[in-house]
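The values are calculated or read from the model by the stated rules, or taken from the named source; none is laboratory data. Here the structure is a predicted model, which is why all the values come from computation and not from measurement. Here the Cβ positions follow ideal geometry from the backbone for every residue, glycine too, while neighbour counts run over all protein chains shown. The protein model used for the area step is the full one, side chains on, heavy atoms only, and it has no ligands, DNA or RNA in it. Shrake-Rupley method; radii C 1.70, N 1.55, O 1.52, S 1.80 Å.
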Amino acid sequence: MNKWSVTAILISWVSIGNAAEAMITGVGHVKSSPDYIELNILVDSKCYSTPSDARKINDEAARKIVDFLNSKIKKKDNYNTVISTGGYTQPYQTYYQDKYFCKDTFQKQNNIIFRTQDIDNFESLFDEIQNTVYKQISRFSPLLIESSISYATISSPVPGISQDLRSQLEQKALGLAFQDASAKLSALLKSNKIQNLKMVKASEIPPTEPMPFFQKRIAPMEMMAGGGGQGDSRVPVQFDEQDIDKTIYFQFTFDDISLP
């Protein structure tokens with residue numbers, strides 16, 4: 001369910017000749033639940049003696065994970081999909097306390113992106129993903145790698161808003177911004193009757209002249225950095241509402257009025 005509020009920021013007033021001009025900032029704020037979730041799984045294979053060994057181990061683990069994730073998507077589109085980068089094999093070695101380890105070895109990484117709009121069932125799905133991935137491959141990355149190892153890192157789930165929904169929310173925010181500016185204009189002029197009121201300009205780009213900045217709403221950070229997938233999968237997975245803000249600079253003209 002969408003909820004919205006309006007935040008007032010700025011009013012400026014200019015009188016020109018026999019006409020009046022008012023420049024008013026309107027702000028529209030819309031809140032909405034996310035409509036898709038994105039998850040990243042990094043499959044990492046390091047310290048293998050040949051490129052083919054690193055590639056074989058990595059590709060096999062990644063393929064099983066991708067097949068499992070694909071089985072959880074009922075209808076594919078941009079927000080219900082599995083993307084695998086494939087990766088490539090490259091040389092590997094590490095250095096610790098004046099000593100090289102895994103010299104002349106190879107590594108391969110494969111990044112898997114999983115997106116789903118099945119938000120209602122995501123908590124149980126996330127638990128199933130963790131169990132499946134960590135049955136295929138280790139969940140731990142040692143501080144010092146001295147021998148061949150493959151492991152997976154699962155990021156924290158990141159909520160998002162699809163492009164179609166974002167467009168709808170931005171349109172609502174624009175409408176609220178206009179309502180905000182109109183209400184400010186009425187409050188500015190109070191009981192004075194306005195004649196021939198026209199809106200002559202509306203822009204998301206602020207005017208070039210310096211303008212006071214009284215209040216700014218900062219949306220809380222919704223995205224979390226990758227957590228390595230080592231948390232308890234039974235902890236409830238919940239997502240905050242997403243924020244859409246629009247600040248529009250309106251310019252109105254109308255017949256001049258007499259002020260007390």
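Using each residue's phi in the range 88-105, evaluate 6.51 cos²θ - 1.76 cosθ + 1.60 at θ = phi - 60° and report the 3J(HN,Hα) Karplus result to the nearest Hz, with x for Gly and Pro.
Karplus-based 3J(HN,Hα) across the range 88-105 equals 8, 7, 8, x, 9, 6, 10, 10, 8, 6, 6, 9, 8, 10, 6, 5, 6, 10 Hz.
Given the Cα-Cα distance of Glu123 and Tyr100 and 0.36 nm per residue of separation, how much length would full extension add, in nm?
4.0 nm is the gain from fully extending Glu123 to Tyr100.
At 20 °C and 1.002 mPa s, grab the translational diffusion coefficient of the range 117-193 from Stokes-Einstein with a Kirkwood Rh over Cα pairs, rounded to a whole number in µm² per second.
Roughly 119 µm²/s, to the nearest whole number.
State in Å² the accessible area per residue of the range 66-160; use a 1.4 Å probe, count heavy atoms of protein chains only, and round to the nearest integer.
With the other protein chains kept in place, the range 66-160 gives 59 Å² per residue.
How long, wide and thick is the range 41-116, going by the Cα atoms along their three principal axes, in whole angstroms, largest first?
That gives 52, 23, 15 Å along the principal axes, largest extent first.
Which aspartates and glutamates, on any chain, are close to Lys75 with Cα under 20 Å apart, when same-chain ones fewer than 8 places away are left out?
Within reach: Asp35, Glu38, Asp67, Asp118, Asp120, Glu123, Glu128, Asp164.
Kindly provide the trypsin sites (Lys or Arg not before Pro) of the range 80-117 that DSSP labels as loop, not H, G, I, E or B, and whose Cβ sees at most 13 other Cβ atoms within 10 Å.
Answer by residue number: Lys99.
At a 1.4 Å probe radius, carbon and sulfur cover how many percent of the accessible area of the range 29-132? Write out the running numbers ahead of the final one.
Working: 2460 of 5540 Å².
Accessible surface attributable to carbon and sulfur in the range 29-132 totals 44 percent.
Treating only the Cβ of Lys, Arg, Asp and Glu as charged (+1, +1, -1, -1), what charge dipole size does the range 22-133 show about its Cα centre? Round to the nearest 20 debye. It would help to have the intermediate numbers written out before the result.
Numbers: 14 positive and 15 negative charges, 66 e Å.
Charge dipole, the range 22-133, about its Cα centre: 320 debye, nearest 20.
Taking the inverse of the average 1/r across all pairs of different Cα atoms in the range 67-204, what Kirkwood radius in Å do you get?
Averaging 1/r across every pair of different Cα atoms and inverting gives 20.9 Å.
Would you please put 67-75, 82-90 in order of how densely packed they are, using the mean number of other Cβ atoms within 10 angstrom per residue and starting with the highest? Walk me through the numbers on the way to the answer.
Working: 67-75: 13.4, 82-90: 15.4.
Taking the mean over residues of other Cβ atoms within 10 Å, the ranking is 82-90, 67-75.
Pairs Lys46/Lys74; Lys64/Lys108; Lys31/Lys184: which are spaced more than 25 Å apart, C-alpha to C-alpha?
Lys46/Lys74
Which aspartates and glutamates, on any chain, are close to Lys56 with Cα under 16 Å apart, when same-chain ones fewer than 8 places away are left out?
Within the straight-line cut-off, Lys56 pairs with Asp44.
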